Amino acid sequence: TVGSLFVRRLFRHLSSTTSDGGGGGRWCVLCTHTLRRLQLQTKMDWEAFYDAHPSPSNYESIITDVENFVCSHENEKMVLITSGGTTVPIEQNTVRFVDNFSLGTRGSASAEYFLAAGYVVIFLYRSNSLEPFVRHFNNSLLDKLEIVDDKSIQVKQSELETLLPILKKYKDAKNDDRLLTVPFTTLIEYMWLLRGSCMLMDTKYSMLYLAAAVSDFYIPPSEMAQHKVQSNDGPPMIALRLVPKVLYAVTHIWAPNAYKISFKLETDNSILEQKAKGALAKYKHQLVIGNLLQTRKHHVKLIAQNGVIEDILLTETDTKKGIEIEDLIVSNVKAKHDQFFESQN
Ligand code: PAZ
């Protein structure tokens, strides 16, 4: 325990120092992370990305919270869920940014089912996107309450049946310290928090469930306008750069021992399987969950490293019964993680 705590602290230390060339980088020779990196021989494009984009100002304190949380749940099944979209600012003093469709439904619903399945959950989510438990009341909480008198309010009797079990599960998760929520907004914040969290979760107890819709394109801060882009300067010419694919680093360097699931969203059904298989061949992780934008709420495909493809379909009857597709996804991937876990003994 002390040894793994030491390695975690070292990982975290390195992740916060490598971008500025701080003295902590000298520890590299001792570190598994760095040894793995050196095996690759060349400087990879994600490293250039982290070198060029310093960590957010609150990174240290957030990642310390993650570290303390991970350490207090040693040897328990734990899942890192990423959820929601990332923003790509187009100005340094950001008025405008490029965003995407993701509301965080998949991630927030999955978090609830993982907690119910006995997992400890780190929920790395886009600020203001859906959160576990709270998602059931977004925009509708006030309608569920009534004023009793000038000094008190209460939940309407008609709402009690739905609200009580959700509130109870939420309180249990929080009181037992089984749910840590970590918000991000920009792509760069996401990239740093993903790396820091993955490094802290490099064990077979961990599952990485990467459901966030992460931008493939960004504008380096050095190439952004400092102030609000002015329309009277004419149409802006904005050159987007490719975001490096960090899944390779996740699978080979940051968390090779964890059970790793990536998600793949497409709009063209004819390329979904091929893209998922391509990712598995390239990154060598355990599972890709493929979905189409149009049907993602009732159909996903689980594509495994051994080539097996499973469809998970939510029927109309399921929907009427209040069953969510994330319930079916989580019980499926939990069984796969159990098998993986046993095979690592
Ligand atoms: O957040 P949401 O429930 O609206 O959507 C979920 C999703 C489609 C973003 C997720 O299932 C997914 O596929 N994420 C990966 C997207 C990608 O290909 O980068």
For region 71-146 and region 239-306, compute the distance between their C-alpha centroids and round to whole Å. 20 Å
Summed residue charge, Cβ within 9 Å of Pro244's Cβ, Lys/Arg positive, Asp/Glu negative: -1
Interchain or long-range residues, amide H under 5 Å from Val182's placed H: Phe123, Leu124, Tyr125
Most exposed to least, judged by fewest other Cβ atoms within 10 Å, Cys198, Cys71 sort to Cys71, Cys198
Counting Lys and Arg as +1 and Asp and Glu as -1 over every other residue whose Cβ sits under 12 Å from the Cβ of His73, the net charge comes to -3
Counting pairs of alpha carbon atoms under 8 Å apart in space and at least six apart in sequence, what relative contact order in percent does region 60-198 give? 30 percent
Tell me, Phe340, Phe123 in order of fewest to most beta-carbon neighbours within 10 Å? Phe340, Phe123
Between Ser270, Ser110, Ser72, where does the largest GNM mean-square fluctuation fall for the chain, given springs only between Cα atoms within less than 10 Å? Ser270
Multiplying the sequence separation of Cys71 and Asp311 by 0.36 nm and subtracting their Cα-Cα distance, what value in nm do you get? 82.8 nm
When the chain is modelled as a GNM with alpha-carbon springs shorter than 10 Å, which of Gln294, Gln157, Gln92 fluctuates the most? Gln157
For the chain, whose charge dipole is built from +1 on Lys and Arg Cβ atoms and -1 on Asp and Glu Cβ atoms, the candidate among Asn68, Ile253, Asn139 with its Cα farthest towards the positive end is Ile253
Under the Karplus relation with 6.51, -1.76 and 1.60 and θ = phi - 60°, whole-Hz ³J(HN,Hα) for region 110-121, x at Gly and Pro, equal 4, 4, 4, 6, 5, 4, 5, 7, x, 7, 8, 10
Asn332: net charge of surrounding residues, Cβ under 12 Å, Lys/Arg +1, Asp/Glu -1, itself excluded? -2
Nonlocal amide H pairs with Glu91, under 5 Å, H built at 1.01 Å: Arg96
Collect residues whose amide H, placed 1.01 Å from N in the peptide plane, falls under 5 Å from the amide H of Lys260; neighbours closer than 5 in sequence don't count. Leu208, Gln286, Leu287
Rounded to the nearest 500, what is the 222 nm mean residue ellipticity of the chain from helices alone, with -39500 (n - 2.57) per DSSP H run of 4+ residues and division by all residues? -12000 deg cm²/dmol
The ³J(HN,Hα) series, computed from each phi in region 187-201 with the Karplus coefficients 6.51, -1.76 and 1.60 at θ = phi - 60°, rounded to the nearest Hz and given as x for glycine or proline, is 4, 5, 4, 4, 4, 5, 5, 4, 4, x, 5, 4, 4, 7, 10
Can you compute the charge dipole magnitude of the chain about its Cα centre, using +1 on each Lys and Arg Cβ and -1 on each Asp and Glu Cβ, nothing else charged? Give it in debye, rounded to the nearest 20. 840 debye
Calculate one ³J(HN,Hα) per residue across region 257-270 by plugging θ = phi - 60° into the Karplus curve 6.51 cos²θ - 1.76 cosθ + 1.60, and present them in order as whole Hz with x for glycine and proline. 8, 7, 8, 10, 10, 10, 10, 10, 10, 9, 10, 10, 4, 5
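Every number here is computed from the coordinates shown, using simple stated rules; none is lab data. Values in this document were obtained by computation on a predicted structure and should not be read as measured data. Cβ: placed from backbone, ideal geometry, glycine included. Neighbour counts: every protein chain shown.
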